[in-house]
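Working notes for the structure below.
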Amino acid sequence: MKFADPGYLYLLLIVPVMLGWYFRRGRKQFLNLRIPSVRSFPAGEGGWRVRFRHLPAALRVMVFSLLVVALARPQTTSEGENVTTEGIDIVLVTDVSGSMLAEDFRPNRIEAAKAVAEEFVDSRPDDRIGLVVFAGESFTQCPLTLDHEVLKTLIGGVKSGLIEDGTAIGMGLATAVSRLKDSRSKSRVIILLTDGVNNRGSIDPMTAAGIASTFGIRVYTVGVGTIGTAPYPVQTPLGTQYRNIPVEIDEGLLKNIADQTGGRYFRATDNNTLKSIYEEIDRLEKSKIEVTQFRRHKEDFYTAASAGGLLLLAEVLLSLTLFRKIP
């Protein structure tokens, strides 16, 4: 609670003056009378009129105090916020070719990519997110959705060998563009992750990038793989053996895709850098949040004024009846 006109509260300083004047005036109404004995007077403090003789004066002081509070206009204030969020439509495009089983990441590239993708989804509760996977061809694993629990379940089910092997970057990008081109969101984003060189598919990656640019879709590209060679598990009659295979990422192509669409290219060489890349993209692509603050005031002086009026009426009635003074 606050007061709209708190300056009136200084009038309450008059209350002690009123009380002092009342008691000083009361003492002047009595005369001293000397008598030899008080045994002939009845014992006790007198009747109820004597005991409650100060009631009208007390009511008068209360009436004055309440009227001062009413003049100060007490108000009850309630505050709040209206929050409006405008999400971003995002499609994660993930390479599931056989080379994603290389173990320069822990436990391997594809599992590391899935882990950071799930964390990224958790950090974007207001965004619609979809999932496209590609190898020698591509398909939509999950359309754009706000049901992130379903999306994370489908991310967890991603594995190498789902589709024919190869690296069709253009196909994966084109499939994601087809999912976003009809979106009404003001911001549409693709995060394309791969560890290889485009060697399959009927759509050239730069052609797909041009289509994305036409629709105003921003593409962030991520190259996954250490520098040099990476251990790759190979099944043999003697069990799993590891061979060091060269890491070949077409960084020039990925940079060109990002540049043409207004995005950025990132290179991840281990689990930590991959995680930091997704965190950086999360910071770059913030959902729009509009906060409107509101404040409401409720006038409460009616209560004080009404109470003061009732007490004033009571004081007048008592002064004219029960506590009437003899002229």
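The values are calculated or read from the model by the stated rules, or taken from the named source; none is laboratory data. What you are looking at is a predicted structure, and each value in this text was computed from that prediction instead of being measured. Positions of Cβ are backbone-derived with ideal geometry, glycine not excepted, and every protein chain shown enters the neighbour counts.
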Among the residues of the range 194-208, how many are outside any loop (DSSP other than H, G, I, E, B) and small (Gly, Ala, Ser)? 1
Got at least one residue in the range 233-248 being more than 15 Å from Val132 (Cα to Cα) and surrounded by 19 or more Cβ atoms within 10 Å (Cβ to Cβ)? yes
For the range 242-326, which fully contained helices (runs of 4 or more DSSP H) count at least 3 residues that are at pLDDT 95 or above? 251-261, 271-284
Single residue of Ile191, Ile163, Ile211, Ile155 found to be in a strand (DSSP E or B), surrounded by 14 or more Cβ atoms within 10 Å (Cβ to Cβ) and either in the same structural domain as Ile257 (by TED's automatic domain parsing) or modelled with pLDDT of 95 or more (or both): Ile191
Tell me which of these Thr153 doesn't satisfy, since it passes every other one: (1) without any contact (Cβ under 8 Å) to a residue 60 or more places away in the chain; (2) of a type in the set (Ser, Thr, Tyr); (3) under 14 Å from Val93 (Cα atoms). (3)
Among the residues of the range 220-239, what is the count of those that are within 13 Å of Leu101 (Cα to Cα) and assigned to a strand (DSSP E or B)? 7
Has the range 167-188 got any residue that is assigned to a helix (DSSP H, G or I) and within 27 Å of the chain's Cα centre (by Cα)? yes
Could you go through the range 178-187 and let me know if any residue there is touching a helix residue (DSSP H, G or I) at 6+ places or on another chain (Cβ under 9 Å) and closer than 28 Å to Asn272 by Cα. no
